[in-house]
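Below you'll find the structure, written out as structure tokens, and then a few comments.
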Amino acid sequence: MSSVDELVPLIKAQGEKVKGLKEAKGDAGAIQEEVAKLLDYKKKLTAIAPEHELAIVDKKKKKKSNEKRSVPSEQGPSKKELRMQERAKKAAEEEAKVKKAAVADADVYGDVPIVMSREMSCRSWTPIIKLDASRTGSTVWVRGRTHAIRGKGNLSFLVLRQATSTIQCVASASDEVPKGLVSYVSKLNLETIVDIQAIIEKAQVASCSQSDVELKILKIFAISSAFPELPFQITDASRNENESKEGEITVGLDTRLNHRVIDLRTPASQAIMRIKAKTALLFANFLDNEGFVGIQTPKLLGGASEGGSSVFNLEYFGRPACLAQSPQLYKQMLAACADFDKVYEIGPVFRAEDSNTRRHLCEFTGMDLEMSIKEHYFEVLDLFGRLFNHIFATLQQQCATELQTISQVYPFEPFLFLKDGPLRISFAEGIQLLREYGITEEQQGAFDDLSTENEKILGDIVKQKFCTDFFIMDKYPLSIRPFYTMPDPITYYDPKCPPEQHLSNSFDMFMRGQEIVSGAQRIHDYKLLLERVHFCHTSASHGGPKPESIQSYLDAFKYGAFPHGGGGIGLERVVMLFTATTNIRKTSFFPRDPTRISP
């Protein structure tokens with residue numbers, strides 16, 4: 001096709017475009033830009049075919065030309081004029097070739113305009129996790145982040161990452177793939193989001209999650225480019241914590257948390273958070289199937305829910321208030337007094353405890369349940385046992401890939417639990433196990449709450465003796481439990497039993513030697529409840545809330561309440577211990593502790 005044949009349709013199309021803009025009274029700048037393109041096309045046509053009807057006509061020259069035509073002349077263009085015409089023709093043809101190639105390349109690779117919902121294509125997208133050898137030869141579209149890039153001769157290798165999944169992509173120049181695409185791939189910044197059209201080919205790539213295939217790139221487009229300087233490299237943050245080699249860069253926890261969005265991109269963080277989401281879903285679904293009702297309780301309170309000083313105080317329209325330490329009082333009122341019978345809630349919990357430990361947060365996700373009972377608080381323990389066994393078994397079955405991903409960075413032993421139901425021991429039996437281990441009365445009092453160190457020792461003893469990481473311990477001393485805890489009737493009403501040796505119908509649950517649930521039968525009798533509230537508030541060692549600060553809660557029990565019990569679970573701690581992650585902050589999207597309130 002001659003250059004004239006190329007330019008004529010371009011001029012006509014551009015003329016229509018300018019005409020349309022003018023008729024639509026479009027932006028003046030845009031019209032000028034399109035007019036300039038039209039003139040550019042016409043100049044090129046004029047250079048190679050000045051006599052063409054679409055060429056630019058100089059009115060003065062046209063007049064002289066007409067005058068010359070009136071006088072017959074036998075002389076043609078000079079040699080110089082012919083050479084100039086030939087050079088102009090070649091230049092126009094070369095420029096047309098370059099533009100044609102550029103248009104062709106733009107269809108194959110490059111940066112695309114910002115996605116602003118201008119249009120929808122008919123592309124069918126495939127998740128990376130679904131790419132395997134069974135789809136060899138298929139052409140797919142995938143979107144992900146550039147995890148790693150390297151060039152090798154006329155090839156470019158790119159590892160594409162999508163959540164916890166990675167796959168190797170190869171760019172090689174061919175009749176279908178221009179050299180420019182190979183160069184473009186090698187210059188992409190890490191963490192850039194790209195769309196790739198590729199053919200699935202068999203390969204052995206041990207370093208990727210999709211280890212039996214790779215993608216042969218046909219097209220690649222950058223959707224959102226990352227800045228070249230990252231706070232840290234994802235590969236550095238994805239190394240095995242226990243096997244760092246000399247010279248390798250490691251990423252500290254503070255650096256990770258200061259740039260949490262980047263840290264959450266690592267496959268291990270992605271896996272942890274997916275297990276966390278699954279745990280909450282399993283909790284809710286199990287209780288839904290058991291006839292529980294999901295509730296939402298206030299987080300702004302006029303008084304502390306459990307007493308003590310560990311509350312975040314604030315001003316509420318000129319009145320003192322605080323953030324909820326738990327949904328405790330409200331879930332009792334709803335289950336036992338408002339006749340919802342069985343309730344659960346998943347929501348934030350706030351604790352103003354200045355604890356800078358690996359297992360404490362100032363804000364965490366509580367998974368609470370409360371239920372009426374017929375005769376014995378063991379009904380609550382039975383339900384908790386079935387609930388946790390369901391969660392543990394389902395996580396191991398359905399999240400095997402995520403657990404494997406986590407273990408590559410944070411190695412851990414698989415979580416052990418008894419399939420027939422969790423081990424139950426009494427507080428006294430737990431103390432006896434510690435005594436047999438060598439823990440003295442001075443190191444752990446028989447009626448004192450377990451220290452963190454002794455909890456871990458007891459967990460190790462139980463695992464060695466009973467081959468389980470999960471167990472329940474009940475009948476805690478009444479003196480170390482909240483005011484609403486139902487006393488153990490045998491010790492509470494025994495005149496010979498001193499108050500400091502009174503027991504309670506309460507329990508804790510442990511994973512890998514750390515507490516994850518605290519629960520009990522609650523007091524449903526108004527007179528006994530009032531008695532315990534006053535005792536705990538006036539007891540220097542107990543520190544319960546002022547009766548007037550929880551008056552609405554107390555009043556709810558005046559009109560009849562069902563016997564009931566329940567417990568509260570810390571979601572982040574469950575995930576931390578199930579995966580044996582070294583710090584609870586790794587299981588919170590944006591952790592809050594005494595030193596951190598951002599990001």
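The values are calculated or read from the model by the stated rules, or taken from the named source; none is laboratory data. Computed from a prediction, not measured in an experiment: that's the story for all the values here. Glycine gets a Cβ as well: all are built from the backbone with ideal geometry, and neighbour counts include every protein chain shown. Quick note on the areas: whole protein, heavy atoms, side chains included, nothing else; ligands and nucleic acids left out. Shrake-Rupley method; radii C 1.70, N 1.55, O 1.52, S 1.80 Å.
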Answer yes or no as to whether ARG359 is under 30 Å from CYS322 (Cβ atoms) and either among the aromatic types (Phe, Trp, Tyr) or surrounded by fewer than 20 Cβ atoms within 10 Å (Cβ to Cβ) (or both).
yes
Is it the case, given these coordinates, that ILE234 is assigned to a loop (DSSP other than H, G, I, E, B), over 22 Å from VAL112 (Cβ atoms) and aliphatic (A, V, I, L, M)?
yes
Return only the number of the condition from (1) within 25 Å of the chain's Cα centre (by Cα); (2) at positive phi; (3) not acidic (Asp, Glu) that CYS362 does not satisfy.
(2)
Among the listed residues GLU370, GLU379, GLU353, identify the single one that is open to solvent by 10 Å² or more (accessible area, probe 1.4 Å) and farther than 22 Å from GLY513 by Cα.
GLU379
Of those in the stretch 536-546 that are open to solvent by 20 Å² or more (accessible area, probe 1.4 Å) and of a type outside the set (Gly, Ala, Ser), the residue nearest to ASP448 (Cα to Cα) is HIS542
How many residues does the stretch 416-438 hold that are more than 24 Å from ALA520 (Cα to Cα) and assigned to a loop (DSSP other than H, G, I, E, B)?
2
Which residue pairs have Cβ atoms under 9 Å apart, sit 6 or more places apart or on different chains, and have a first residue in the stretch 271-294 that is within 12 Å of CYS399 (Cα to Cα) and a second that is acidic (Asp, Glu)?
ALA271/GLU402; ILE272/GLU402; ARG274/GLU402; ILE275/GLU402; LYS276/GLU572; LYS278/GLU402
Kindly indicate the residue of the stretch 176-198 that is part of a strand (DSSP E or B) and among the β-branched types (Val, Ile, Thr) and also nearest to SER121 (Cα to Cα) among those meeting that condition.
ILE196
Candidates LEU450, LEU416, LEU478, LEU423, filtered to the one that is at pLDDT 95 or above, aliphatic (A, V, I, L, M) and farther than 22 Å from SER506 by Cα:
LEU416
Answer with yes or no whether GLU176 is acidic (Asp, Glu), at pLDDT 95 or above, on the phi < 0 side of the Ramachandran plot and over 28 Å from the mean Cα position of the chain (by Cα).
no
I'm trying to understand the selection: among the residues of the stretch 547-591, which are among the basic types (Lys, Arg) and surrounded by fewer than 17 Cβ atoms within 10 Å (Cβ to Cβ)?
LYS558
Residue pairs meeting the criteria (Cβ under 7 Å; at least 6 apart or on separate chains; first over 15 Å from MET273 (Cα atoms), in the stretch 392-415; second assigned to a helix (DSSP H, G or I)):
THR394/LEU282; PHE415/PHE392; PHE415/PHE578
If we ask which residues in the stretch 328-348 are open to solvent by less than 50 Å² (accessible area, probe 1.4 Å), touching a residue at least 60 places away in the same chain (Cβ under 8 Å) and not small (Gly, Ala, Ser), their number turns out to be 7
Which one of these is within 27 Å of the chain's Cα centre (by Cα) and under 28 Å from MET116 (Cβ atoms): ILE223, ILE249?
ILE223
Given the criteria touching a Pro at 6+ places or on another chain (Cβ under 9 Å) and open to solvent by 70 Å² or more (accessible area, probe 1.4 Å), does GLU241 qualify?
yes
Just one of ALA30, ALA47, ALA104, ALA88 is hydrophobic (A, V, I, L, M, F, W, C), at pLDDT 80 or above and surrounded by fewer than 12 Cβ atoms within 10 Å (Cβ to Cβ); which is it?
ALA30
Report, by residue number, each residue of the stretch 1-20 that is of a type in the set (A, V, I, L, M, F, W, C), open to solvent by 50 Å² or more (accessible area, probe 1.4 Å) and part of a helix (DSSP H, G or I).
LEU10, ALA13
Name the residues in the stretch 416-428 that are touching a residue at least 40 places away in the same chain (Cβ under 8 Å) and not hydrophobic (A, V, I, L, M, F, W, C), would you?
PRO422, ARG424, SER426
Can you tell me which condition PHE447 does not meet? The list is (1) out of contact with any strand residue (DSSP E or B) (no Cβ under 9 Å at 6 or more places or on another chain); (2) farther than 30 Å from SER211 by Cα; (3) hydrophobic (A, V, I, L, M, F, W, C); (4) surrounded by 15 or more Cβ atoms within 10 Å (Cβ to Cβ), and all the others hold.
(1)
Whether any residue in the stretch 503-512 is open to solvent by 20 Å² or more (accessible area, probe 1.4 Å) and either under 22 Å from ILE346 (Cα atoms) or modelled with pLDDT of 95 or more (or both) is what I want to check.
yes
Only one of these is within 25 Å of ASP341 (Cα to Cα) and not acidic (Asp, Glu): VAL517, VAL462. Name it.
VAL517
Of these, GLU229, GLU243, GLU248, GLU201, which one is assigned to a strand (DSSP E or B) and more than 21 Å from GLY180 (Cα to Cα)?
GLU201
